[in-house]
Amino acid sequence: MKRGTQLIHNGYETDLAIGGVTGALGVPVYQTSTFDQGTSFIDVPGIVSEHREYDYARSGNPTRKALEDIIAALEGGAKGYAFGSGIAAVSSALGILAQGDHIVAAEDIYGGSWRILNTFYKRWGLEVTPVDTTDLDAVKKAIKPNTKALFLETPSNPLLKITDLAATIKIAKDAGLISIVDNTFMTPYLQRPIELGADIVVHSATKFLGGHSDVIFGLAVTRTKELGDQVYRMQNSFGAVPGPWDTWLVMRGIKTLKVRLEAQQAGAGIVAQWLKAHKNVSDVFYPGLPDHPGWEINAAQSSGAGAVLSFKTKTTEQATRFLGKVKYAVAAVSLGGVETIASYPVRMSHASIPEPERLRLGITDTLIRISVGLEDPEDLIEDFDEALK
């Protein structure tokens, strides 16, 4: 089955998949906090104990289980888990580590992931070493006796750096580490890290999977049931779970992921090529451009370059003017919606990172991140050209 077909035909085409009787095209929304236990908890002579799968909605919900099974199938993993946000998924995956453990993390990652690693988990006793994961020697050198995990994000946020997943995951496996990959930008439609050896994949399903900027959601998939049991304990203990309506919205979004992402990716390629030639743009970061340093690796491990790009203007004034004047792009946080979103990382997604560290990474006041939507690329280019004058 091709990936686009699997987005729709994944075992949950009708309500029959979760015990329904109508054959309705879609999983019902089980809007409930608790479930009738019947005799499932009774151990009395003469009374037959009847097992029932669900007891309390924090621990499980039929609507949520359907999506969890769907994302596990799409990523090629054993178990899937849904969360109330992408950072809840990241935090829960990291939560399987112990105090005193060390993690090697990509230095160019989502600001929320950087923040949770360097605040909550740092206070909790988790050591973190940020490295340029495009440099395999740097990854090897960062591993210590107490290193337990490798956290990757490719393409990275916001500079679209490409990490060789197979090579870095092999380093992790040779050292006995768990590998965690944030696959938000690519989704399982374009990239499947578990097939390249990853142990855990996380998503902010708020982005491309949901696809309509109307839900906050996170997902995690584990390679094995054993790892899945550990993540489930975090999910159930933290309780950062989504409601069934939000779950249903993400399931609906996944059904149209193929057509949305292909159109957005095509638009991103056109816009990126145009930006490269603009007189007020100094740099363009998009792995779909042949001169991108990670182009060859990305082409080998993914089936596309995605729909997110970044560029730098020549002056800070040009960047802020662009954000103030652009009409067909919303100046906002987030990405992956049907509308084009222009983000200013230094004030938005990466504002929590200290300025010296941001500058070292290349996240400057001139950097703008664009998530290309479903608008006609010609309209976006005309709008961007006016805003960049």
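The values are calculated or read from the model by the stated rules, or taken from the named source; none is laboratory data. Given the structure is predicted, the values throughout are model-derived calculations rather than measurements. Methodologically, a virtual Cβ is constructed for each residue, glycine included, from the backbone with ideal geometry; neighbour enumeration extends over all protein chains shown. Please note that ligands, DNA and RNA were not included when accessible areas were found on the heavy atoms of the full protein model with its side chains. Shrake-Rupley method; radii C 1.70, N 1.55, O 1.52, S 1.80 Å.
Name the residues in the stretch 215-231 that are hydroxyl-bearing (Ser, Thr, Tyr) and either over 20 Å from Gln6 (Cβ atoms) or open to solvent by 20 Å² or more (accessible area, probe 1.4 Å) (or both), would you?
Listed by number, the list holds a single entry, Thr224.
Against the condition part of a loop (DSSP other than H, G, I, E, B) and either aliphatic (A, V, I, L, M) or open to solvent by 30 Å² or more (accessible area, probe 1.4 Å) (or both), how does Ile368 come out, does it pass?
Values: part of a loop (DSSP other than H, G, I, E, B): no; either aliphatic (A, V, I, L, M) or open to solvent by 30 Å² or more (accessible area, probe 1.4 Å) (or both): yes.
No, not satisfied.
Looking only at the stretch 198-214, count how many residues are open to solvent by 10 Å² or more (accessible area, probe 1.4 Å) and part of a loop (DSSP other than H, G, I, E, B).
First pass over the stretch 198-214, keeping only residues open to solvent by 10 Å² or more (accessible area, probe 1.4 Å): 199, 204, 206-207, 212-214.
With part of a loop (DSSP other than H, G, I, E, B) added as a condition, the list becomes 199, 206-207, 212-214.
Looking only at that region, the number is 6.
From the residues in the stretch 96-110 that are surrounded by fewer than 20 Cβ atoms within 10 Å (Cβ to Cβ) and among the small types (Gly, Ala, Ser), which one is farthest from Glu355 (Cα to Cα)?
Ala98
Mind listing just one residue for me: the one in the stretch 334-365 that is over 30 Å from Val250 (Cβ atoms) and in contact (Cβ under 8 Å) with a residue 24 or more places away in the chain and, of those, surrounded by the most Cβ atoms within 10 Å (Cβ to Cβ)?
Leu361
Has the stretch 298-307 got any residue that is open to solvent by 60 Å² or more (accessible area, probe 1.4 Å) and either touching a Leu at 6+ places or on another chain (Cβ under 7 Å) or at pLDDT 95 or above (or both)? Walk me through how you get there before you give the answer.
Filtering the stretch 298-307 for residues open to solvent by 60 Å² or more (accessible area, probe 1.4 Å) gives 300, 303.
Narrowing further to those that are either touching a Leu at 6+ places or on another chain (Cβ under 7 Å) or at pLDDT 95 or above (or both): 300, 303.
Checked the stretch 298-307: at least one residue is open to solvent by 60 Å² or more (accessible area, probe 1.4 Å) and either touching a Leu at 6+ places or on another chain (Cβ under 7 Å) or at pLDDT 95 or above (or both).
Residue check, Val181 against (1) surrounded by fewer than 20 Cβ atoms within 10 Å (Cβ to Cβ); (2) touching a Pro at 6+ places or on another chain (Cβ under 8 Å); (3) among the hydrophobic types (A, V, I, L, M, F, W, C), all met but one. Which one?
Of everything listed in (1) surrounded by fewer than 20 Cβ atoms within 10 Å (Cβ to Cβ); (2) touching a Pro at 6+ places or on another chain (Cβ under 8 Å); (3) among the hydrophobic types (A, V, I, L, M, F, W, C), Val181 misses just condition (1).
Scan the stretch 84-95 for residues that are under 12 Å from the mean Cα position of the chain (by Cα) and surrounded by 20 or more Cβ atoms within 10 Å (Cβ to Cβ) and jot them down. Outline the logic, then answer.
Step one: of the stretch 84-95, the residues under 12 Å from the mean Cα position of the chain (by Cα) are 85-90.
Within the stretch 84-95, Gly86, Ile87, Ala88, Ala89, Val90 qualify.
In this structure, is Arg192 touching a residue at least 12 places away in the same chain (Cβ under 8 Å) and either buried (at least 24 other Cβ atoms within 10 Å of the Cβ) or of a type in the set (Lys, Arg) (or both)?
Values: touching a residue at least 12 places away in the same chain (Cβ under 8 Å): yes; either buried (at least 24 other Cβ atoms within 10 Å of the Cβ) or of a type in the set (Lys, Arg) (or both): yes.
It is true that Arg192 is touching a residue at least 12 places away in the same chain (Cβ under 8 Å) and either buried (at least 24 other Cβ atoms within 10 Å of the Cβ) or of a type in the set (Lys, Arg) (or both).
Which one of these is touching a residue at least 40 places away in the same chain (Cβ under 8 Å) and touching a Lys or Arg at 6+ places or on another chain (Cβ under 9 Å): Val104, Val90, Val128?
Details: Val90 fails: touching a Lys or Arg at 6+ places or on another chain (Cβ under 9 Å); Val128 fails: touching a residue at least 40 places away in the same chain (Cβ under 8 Å).
Just a single option satisfies the conditions, and that option is Val104.
Restricting to the stretch 272-291, what's the tally of residues that are in contact with a strand residue (DSSP E or B) (Cβ under 7 Å, 6 or more places away or on another chain) and either of a type outside the set (Gly, Ala, Ser) or open to solvent by 90 Å² or more (accessible area, probe 1.4 Å) (or both)? Even if it seems obvious, please write down each step before you answer.
Going residue by residue through the stretch 272-291, those that are in contact with a strand residue (DSSP E or B) (Cβ under 7 Å, 6 or more places away or on another chain) are 272, 275-276, 280-286.
Adding the requirement that they be either of a type outside the set (Gly, Ala, Ser) or open to solvent by 90 Å² or more (accessible area, probe 1.4 Å) (or both) leaves 275-276, 280-281, 283-286.
Looking only at that region, the number is 8.
Each row is one residue, and each column tells you yes or no for (1) farther than 26 Å from Ala240 by Cα; (2) open to solvent by less than 70 Å² (accessible area, probe 1.4 Å); (3) touching a helix residue (DSSP H, G or I) at 6+ places or on another chain (Cβ under 8 Å).
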position: Leu7; (1), (2), (3): no, yes, yes
position: Asn10; (1), (2), (3): no, yes, yes
position: Ala17; (1), (2), (3): no, yes, yes
position: Val21; (1), (2), (3): yes, no, yes
position: Gly26; (1), (2), (3): no, yes, yes
position: Gln31; (1), (2), (3): no, no, yes
position: Gln37; (1), (2), (3): no, yes, no
position: Ile42; (1), (2), (3): yes, yes, no
position: Asp55; (1), (2), (3): no, no, no
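So, in the stretch 116-151, of the ones that are open to solvent by 50 Å² or more (accessible area, probe 1.4 Å) and β-branched (Val, Ile, Thr), which residue ends up nearest to Ala172 (Cα to Cα)?
In this case the residue turns out to be Thr134.
Where the second residue is among the charged types (D, E, K, R) and the first is on the phi > 0 side of the Ramachandran plot and lies in the stretch 1-18, which pairs have Cβ atoms under 8 Å and are six or more apart or on separate chains?
Gly11/Asp69
Look through Ala240, Ala263, Ala268 and report the one residue that is assigned to a helix (DSSP H, G or I), small (Gly, Ala, Ser) and either open to solvent by 10 Å² or more (accessible area, probe 1.4 Å) or farther than 19 Å from Pro188 by Cβ (or both).
Values: Ala240 fails: assigned to a helix (DSSP H, G or I); Ala268 fails: either open to solvent by 10 Å² or more (accessible area, probe 1.4 Å) or farther than 19 Å from Pro188 by Cβ (or both).
Only one candidate qualifies: Ala263.
For the stretch 132-161, give me each residue that is farther than 21 Å from Gly112 by Cβ and either touching an Asp or Glu at 6+ places or on another chain (Cβ under 8 Å) or not in a helix (DSSP H, G or I) (or both). Steps first, answer last, please.
First, the residues of the stretch 132-161 that are farther than 21 Å from Gly112 by Cβ: 134-148.
Once the filter is applied, which keeps residues that are farther than 21 Å from Gly112 by Cβ and either touching an Asp or Glu at 6+ places or on another chain (Cβ under 8 Å) or not in a helix (DSSP H, G or I) (or both), the stretch 132-161 yields Thr134, Asp135, Leu136, Ala138, Ile143, Lys144, Pro145, Asn146, Thr147, Lys148.
Looking at Met234, is it open to solvent by less than 30 Å² (accessible area, probe 1.4 Å), in contact (Cβ under 8 Å) with a residue 24 or more places away in the chain and over 16 Å from Gly373 (Cβ atoms)? Give the steps one after another, and end with the answer.
Details: open to solvent by less than 30 Å² (accessible area, probe 1.4 Å): no; in contact (Cβ under 8 Å) with a residue 24 or more places away in the chain: yes; over 16 Å from Gly373 (Cβ atoms): yes.
No.
Condition first: within 23 Å of Leu209 (Cβ to Cβ) and either among the polar types (S, T, N, Q) or touching a Leu at 6+ places or on another chain (Cβ under 6 Å) (or both). Now tell me which residues in the stretch 343-389 satisfy that.
Ser343, Pro345, Ser349, Ile370, Ser371
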